[in-house]
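Following: one structure in structure tokens, then a few remarks.
No value in this document is a laboratory result; all are computed from the given coordinates. Predicted, not measured: the structure shown is a model, and the values here were computed from it. Neighbour counts run over all protein chains shown; Cβ positions are idealised from the backbone, glycine included.
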Protein chains: 2
Amino acid sequence: MDYMAGKQSIRFKKPVCLLAASSVAGKKEGEGPLGEKMDLLVEDPMYGQANWEAGESQFLREAGEIAIRKAGLSMEDIRLAFSGDLLGQMISSSFAMRSLQIPFYGVYGACASSGAAISAAAMAVHAGYADHALAACSSHFASAEKEFRFPLGYGNQRPKSATWTVTGAGAYVLGTVISDKNRRKNEAGKGRVPGAGNGEKTKSETEKSYILIKGCTTGVIKDYGMSDVYNMGACMAPAAADTIYQALQDFQMEPEDFDCIATGDLGEVGKDLLISLLADNHMDISGVHMDCGMEIYDSDKQDTHAGGSGCACSALVLSALILPKLWRGEWKRVLFVPTGALLSQVTANEGETIPGIAHAVWLERSQQ
Amino acid sequence: MDYMAGKQSIRFKKPVCLLAASSVAGKKEGEGPLGEKMDLLVEDPMYGQANWEAGESQFLREAGEIAIRKAGLSMEDIRLAFSGDLLGQMISSSFAMRSLQIPFYGVYGACASSGAAISAAAMAVHAGYADHALAACSSHFASAEKEFRFPLGYGNQRPKSATWTVTGAGAYVLGTVISDKNRRKNEAGKGRVPGAGNGEKTKSETEKSYILIKGCTTGVIKDYGMSDVYNMGACMAPAAADTIYQALQDFQMEPEDFDCIATGDLGEVGKDLLISLLADNHMDISGVHMDCGMEIYDSDKQDTHAGGSGCACSALVLSALILPKLWRGEWKRVLFVPTGALLSQVTANEGETIPGIAHAVWLERSQQ
């Protein structure tokens, strides 16, 4: 009954399965390298709603519904939901969950919210508190610029170190095992979402492999005194380095034991800093490191500067790139480490530094 | 390994103990009926900091430190922390946790955040993910008015249905059992906080009784279409009614099985609505109901209109009134149901309705 590993990690000894994942993305994300792999692309940034915030919430609601359908389940089968986003008082999550009517805890880790939500859902499923739990998060370029920087109409210029907040949402259904009910539904094709992209797992993939969540590492807040809101990568790199270092220590593993160590949204600037910080501690992750912020856009063509950011950045890359690679067997083991900058417009304007946090989730393909 | 009870509750079958609680409150709260029972009263609303937000964060940090000391533990003994507050991007929690350096997940439920944090901490301890976990939350009159309504300098008038956001923070240390180490420390008086008020449990109380967390009920968001930001009680009452009804169904108990069913901060208006909503469903809780929002201030003398609100309202009443009654044996069993209004200034200004949520925690005195 003691699942504590090392200093700040939990190792699950019973199988916690990531049953299904969804990706609902905006127009710009659809034009990026992962565009074709998203479940759903939504051209209208307001998603038919009256304002940016309600639009973002709609992305999240849709992502939740798609993930639940893909798992072959209905809303009533989901016992607990954990969701977070970047907006003040997490209104995107609250309004999405108002529609879904699932018992709900808000979780917050800024752009690391996907890691917090998946960890919390995995802990709940593993402990026997829920047969099925939903983890979700969202972000939106326009609502984030309004929340943290300037309204779009202001036409503010962005420095090269700035990242572009991803518009979209990802959701994940976790359960103890793939039940016969789900298997039957998937075999009959009923679990399939009409119009879903290549990111969706196919019938044969569901049958031949599971993705297990083997453990998670809870982040400690790190603050190296940076205060530039246009250089989030540098603010978050110390937290990413700390969590990755601690996860590998706690799980007694080497970087090469993972096919990929995927950070959230450090971007070009933060990625270099992360590699260098870990090298100072005699850990070389350069051979297996990938940053989700650098995968979602083609920075040169799409003018996104240092890369993508926002809760949806790592969530969409997880759903559309990382999980399919695990399902297909290209990768066996991934350490997913979304990173968050714990600022608000108020703290930034009041001259506070920007603390960072990163939460790690150990994902592993299991064949049965 | 299956702890699911009914539709949306979890029943803990192994003992999860609430080892220590703290209450750090502001000047106005100190002048209220529970003032003498707080651990620490802070006259300066900025707590020596440069702004309201940093001041609120300092209340939270202090509450965390006091709770950990009262449990006879040190910071390194706490493996996981769950904390929430009302500020955008939960900066009070983030900046407090930056100081405490405990592995940390942000949890959000507006003024129900104490319920979310205690539930999450209890789940983690019960499952064997942490020997000791910290749950905490804060709120602050000035930072909340600035965040949700108008800056204080504006001198806005408040209608009678408005509540007063409580300035302060509460923190709770949860563990599997009171260890011999803690017991020795408490016996030697080392766990005692200098200058702490009557809210602190005394040596003899620690020796003779435990407070167990027997279960929790996760709230579902309820929205009856209210949109008056000066009448939060009415917005939250439907959620409180739903969670209380479901908790009693799930745990197969009657209202009278509890010595007290304590809602968070419905205030006078919301309390009447709650009683009436439950009566419509043939449930009478009027004999055992208490609202924390109506306990913390003397409304007539202190000009607080409908009562207190904010995350710290239910948290301070829990620490200073409810837990001491359990420790002293005046009460045996309490259902603690903090309530939250899931709005932001943006959704309110954009004309959205105000959804509510309530999370329940079943507290019980155990004598060993």
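Using r as the Cβ-Cβ distance of residue B:227 and residue B:332, and R0 as 51 Å, what FRET efficiency do you calculate, to the nearest 0.05?
0.80
For residue A:101 and residue B:14, FRET efficiency with R0 = 35 Å and r from the beta-carbon atoms, rounded to 0.05?
That gives a FRET efficiency of 0.70.
Quick test of your reading: applying the under-4.7 Å Cβ rule, which cysteines of chain B are isolated?
B:17, B:111, B:216, B:235, B:260, B:292, B:313
For the residues B:140, A:305, A:132, what sequence is obtained by ranking on other C-beta atoms within 10 Å, fewest first?
So the residues, fewest neighbours to most, are A:305, A:132, B:140.
Dividing the alpha-carbon Rg of chain B by 2.2 N^0.38 Å yields what?
0.90
Say each of residue A:76 and residue A:27 gets a label point 7 Å from the Cα, pointing the same way as Cα to Cβ; how far apart are those two points in nm?
The two pseudo-label positions are separated by 4.1 nm.
Sorted from shortest, what are the nm distances separating the label point of residue B:159 from equivalent points in the other copies, each placed 7 Å from Cα along Cα to C-beta?
4.7
On full extension of the chain, what length is gained from residue B:282 through residue B:253, given 0.36 nm per residue of separation minus the C-alpha to C-alpha distance?
9.0 nm
Quick check on the protein assembly as shown: of the DSSP beta bridges with both residues there, what percent are antiparallel, nearest 5%?
Counting only bridges with both partners in the protein assembly as shown, antiparallel ones make up about 65 percent.
Based on the alpha-carbon gyration tensor of the range A:206-277 and its eigenvalue square roots a ≥ b ≥ c, which shape applies: rounded if a/c is under 1.5, prolate if not and a/b is larger than b/c, or oblate?
The shape class here is prolate.
Taking H placed 1.01 Å from N in the peptide plane, check which residues at least 5 places from residue B:16 or on another chain put their amide H under 5 Å from its amide H.
Excluding prolines and chain starts, which carry no amide H, the hits are B:213.
Just to check I understand the Karplus step: with θ = phi - 60° and J = 6.51 cos²θ - 1.76 cosθ + 1.60, what whole-Hz values come out for the range B:130-147, glycine and proline as x?
My calculation for the range B:130-147 gives 7, 5, 9, 10, 10, 10, 8, 6, 8, 8, 8, 3, 6, 5, 6, 4, 5, 6 Hz in order.
Of B:215, B:155, B:225, which has the largest mean-square fluctuation in a 10 Å C-alpha GNM of chain B?
In the Gaussian network model the winner is B:155.
Could you check which residue among B:76, B:36, B:268 shows the biggest mean-square fluctuation in a GNM of chain B with a 10 Å Cα cutoff?
Among B:76, B:36, B:268, the largest mean-square fluctuation in the Gaussian network model of chain B belongs to B:76.
List the residues, sorted by chain then number, that are 5 or more residues from residue B:266 or on another chain and whose placed amide H is less than 5 Å from its amide H.
Here B:292, B:293 satisfy the definition.
Once phi is turned into ³J(HN,Hα) by the Karplus curve 6.51 cos²θ - 1.76 cosθ + 1.60 with θ = phi - 60°, what whole-Hz value does each residue of the range A:322-333 show in order, with x for glycine and proline?
For the range A:322-333, the Karplus-derived couplings read 6, 5, x, 5, 5, 4, 6, x, 5, 10, 10, 8 Hz, x marking Gly and Pro.
Which residue, B:170, B:30, B:267, tops the fluctuation ranking in a GNM of chain B built on C-alpha contacts under 10 Å?
Highest fluctuation among the options: B:30.
Output, in nm with one decimal and in ascending order, the distances from the residue A:2 label point to the matching label points of the other copies (7 Å from Cα along Cα-to-Cβ).
The answer, with the shortest distance listed first, is 2.9 nm.
Amide H of residue A:331 versus every other amide H placed in the peptide plane: which residues, excluding those fewer than 5 positions away on the same chain, fall under 5 Å?
Under 5 Å from the amide H of residue A:331 lie the amide H atoms of A:326, each far enough along the sequence or on another chain.
Quick one: with label points 7 Å out along Cα→Cβ, list the inter-copy distances for residue B:257 in nm, shortest first?
4.5
Provide the percentage of antiparallel DSSP beta bridges, counting only those with both residues in the range A:214-367; round to the nearest 5.
60 percent
Show me, for the range A:276-283, the HN-Hα J-couplings you get by feeding each phi into the Karplus relation (A = 6.51, B = -1.76, C = 1.60, θ = phi - 60°), rounded to Hz, glycine and proline as x.
Coupling constants for the range A:276-283: 6, 5, 6, 4, 4, 9, 6, 10 Hz.
Nearest 5 percent is fine: what portion of the DSSP beta bridges confined to chain A is antiparallel?
That works out to approximately 65 percent antiparallel.
Starting from the Cα of residue A:353, move 7 Å in the Cα-to-Cβ direction to define the label point; list residues of the range B:101-117 whose amide nitrogen is under 14 Å from there.
Residues passing the 14 Å test: B:101.
Going by Cα centres, the range A:304-318 and the range B:54-127 are how many Å apart?
So the separation of the two Cα centres works out to 28 Å.
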